[in-house]
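First up is the structure itself, then whatever we jot down about it.
The values are calculated or read from the model by the stated rules, or taken from the named source; none is laboratory data. Computed from a predicted structure; not experimentally measured. Cβ: placed from backbone, ideal geometry, glycine included. Neighbour counts: every protein chain shown. Each accessible area value is taken on the protein alone, full model and side chains, heavy atoms only, with ligands, DNA and RNA left out. Shrake-Rupley method; radii C 1.70, N 1.55, O 1.52, S 1.80 Å.
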Amino acid sequence: LKMGEVVRKISEATGNNAILVTDVGQNQMMGARYFNYTRTRSIVTSGGLGTMGFGLPAAIGAKMGAPERTVCFFTGDGGIQMTIQELGTVMQTGTDIKIIILNNNFLGMVRQWQGNNARVKRYSETHMLNPDFKAIAAAYGIKGRDVTDRSQLDEAIAEMIAHKGAYLLNVAHLVQSIPPPLIPAGGCVTDILLNSTEKY
């Protein structure tokens with residue numbers, strides 16, 4: 001599985017009518033790139049000004065602000081753990097948000113930049129040893145499901161969208177770089193990278 005196909009399929013399953021909320025990291029880039037919109041006020045993201053953990057509280061707020069709309073929150077396995085305690089708020093308020101963890105067992109964006117910026121690849125402290133996210137969700141009364149194969153994806157998405165109440169979908173995907181174009185940290189548009197140096 002690749003992040004982009006997961007995002008696109010979920011967008012299509014909502015009739016491209018949902019609100020996209022992103023955390024910070026590769027999920028943010030892929031969410032903005034592959035989620036389709038048919039209405040205004042349909043994306044909540046911190047842009048370049050937030051940190052991992054932004055997304056879960058933002059998704060709760062988006063649903064409270066637009067209770068009639070489906071809210072799809074995309075996060076990574078690193079980002080969700082920054083504010084995972086807010087699942088308690090989801091439980092207490094009964095907030096119906098769809099939480100999609102794009103799980104590659106890495107701090108993906110950090111790993112990406114370590115690969116793109118170093119002549120000699122020096123990966124450091126980006127591999128994640130993750131908890132059982134579905135079990136954590138269940139402890140908060142939130143239904144969840146793991147997806148580890150493409151053949152499971154369509155059924156899992158349909159179940160998530162149809163479910164009344166919060167739902168956590170933990171999707172295992174390939175470790176991958178973000179496709180160009182990319183602007184390097186501290187750079188400007190004239191420094192744009194048209195080819196990624198990262199090879200997976």
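Annotations
- Ranking by accessible area, most exposed first, for H163, H173 with a 1.4 Å probe: H163, H173
- Efficiency of FRET between L194 and M91 - r from beta-carbon atoms, R0 30 angstrom, step 0.05: 0.05
- For the pair E68 and E5, a Förster radius of 41 Å applied to the C-beta separation gives a FRET efficiency near 0.90, rounded to the nearest 0.05.
- Estimated vicinal HN-Hα couplings, Hz - the stretch 39-45 in sequence order (Karplus 6.51, -1.76, 1.60; Gly, Pro = x): 9, 6, 6, 10, 9, 10, 8
- Extending 7 Å from the Cα toward the beta-carbon at both N105 and A158 defines two label points whose distance is 3.0 nm.
- Each 5 Å bin, from zero up to the one with the longest distance, holds this percent of the alpha carbon pairs of the stretch 29-95: 3, 15, 27, 27, 18, 9, 1.
- Placing dummy labels 7 Å off each Cα toward the beta-carbon, the span from A139 to A185 is 3.2 nm.
- Of the listed residues F54, F73, the order by accessible area with a 1.4 Å probe, largest first, is F54, F73.
- In this simple spin-label approximation, S151 and Y37 carry label points 7 Å from Cα along the Cα→Cβ vector, and these lie 3.8 nm apart.
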